[in-house]
Each structure stands twice: as C-alpha cells, then as structure tokens.
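A short reminder: the numbers here are calculations on the coordinates, not readings from a lab. Bear in mind that the values here come from a model prediction, so they are computed numbers and not experimental data. When we count neighbours, we look across all protein chains shown, and the Cβ atoms used for this are built from the backbone with ideal geometry, even at glycine.
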C-alpha cells in the first residue's frame with residue numbers, strides 16, 4: 001500500500017509540474033508574439049509619432065522604426081507632430097494595414113521643417129565708436145595704453161573702439177625728431193559717436209642740435 005501511495009503522490013507532483021510548465025509556456029508565447037514593423041519616413045527630425053494615442057518615439061535622421069506585435073490589438077491611426085522655431089505642424093492618417101510577421105510597412109509623412117533664422121552676429125566687443133586724432137604733423141605714431149593704433153596722415157588718424165570694451169586711459173604720440181606727447185584719455189565715444197583729440201608736436205631742439213653738429 002505504501003508503494004502505491006508513494007507512486008500516487010509522485011504522479012500527482014509530476015502532473016502538477018507538467019501542468020505548470022504548459023501554462024507557463026502558453027503565457028510566454030502570448031507575451032510579445034511575432035513582430036512586424038511600421039517604418040515612418042519624415043524630413044522633420046524631432047517630430048513625435050503616436051499610434052492612436054500612444055507615443056512611440058521621435059523621428060531621427062529622417063525615420064522611425066516601430067515594432068508591432070502581430071498578436072496584439074491592431075492600431076488604427078497614426079499622428080506625427082512637429083514643433084520648432086515657432087512653427088507647428090500635425091498630420092493624422094489611418095494606418096495602411098497591419099504588418100505580418102517579419103513585414104515592414106513604410107509610411108511617408110509630408111512635413112517639412114521650417115529652418116530657424118540665423119541671428120546676425122554683432123562685431124566682437126559690441127558697438128563701435130571712434131577717436132579722431134588731429135595733429136599738426138603727419139607720420140605721428142599713436143599708441144593707446146601701449147597698443148599701436150597707426151600713424152597720422154593728412155593731419156589725422158581715425159581709431160575705432162568697441163564701446164563695451166575696456167576704456168583706454170592713456171594716449172602717447174611720437175615721431176622721430178619731435179618731443180613725445182603723453183595725454184590722459186577722459187572722454188569715451190558712444191556707439192556711432194566720434195571723440196576728437198588734438199596733439200601738437202614740437203621739434204626736439206636738443207636732438208636737432210645734436211644732429212646738426
């Protein structure tokens with residue numbers, strides 16, 4: 001009797017395990033199932049794609065591939081929405097069918113992205129004003145805070161300066177045979193404005209006398 005009882009228990013256990021495996025196997029087969037794909041093609045990168053009301057991804061590099069389980073509930077519509085640079089576009093259409101196992105259905109969406117306007121770059125440093133250096137001599141070298149700005153010609157030198165830059169504090173005017181002139185800069189031009197500065201060059205008498213000996 002004990003042997004029969006033990007065999008009966010073992011049989012029940014085996015039957016239970018077999019049934020559990022069958023149920024588990026059947027459930028696993030239902031999760032996912034076979035797959036096909038919808039492949040969306042659109043020029044608007046970043047456009048969002050929905051199947052019915054379910055978000056499935058963004059268009060990247062002109063396309064989006066969406067896997068579809070053939071055993072699942074089929075979708076009926078798709079919506080592609082694009083928003084960028086102040087423009088908005090949305091396309092909603094019926095899906096052309098349900099892909100079979102291993103099949104890809106291509107869907108082409110006619111949305112053209114609006115190019116973003118390119119801002120006009122401002123000159124480095126901001127807006128520009130000018131110093132106009134007047135001199136009684138041509139060929140006078142003008143320096144501002146140690147920066148060589150050029151030489152006077154026809155009695156003047158125009159120097160552009162950025163109004164948002166660090167203001168210059170000192171101007172030096174020099175020419176061989178003349179006394180060097182150093183002046184403090186106390187006026188600063190606004191955007192489009194010109195500030196006049198005057199430099200009078202006097203001959204260096206000592207240098208001239210030495211050259212004449």
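Some points to look at:
- Taking a quarter of the surface of the Cα convex hull of the range 139-183 gives a mean projected area of 3.4 nm².
- Rg/Rh (Cα only; Kirkwood hydrodynamic radius) as it applies to the range 35-108: 0.98
- With both labels modelled 7 Å from their Cα along Cα-to-Cβ, the residue 53 to residue 134 distance reads 7.9 nm.
- Three-way shape label, the range 52-201, alpha-carbon gyration tensor, a/c 1.5: prolate
- Debye log10 I(q)/I(0) at q = 0.20 Å⁻¹ for the range 128-212, Cα point scatterers: -0.87
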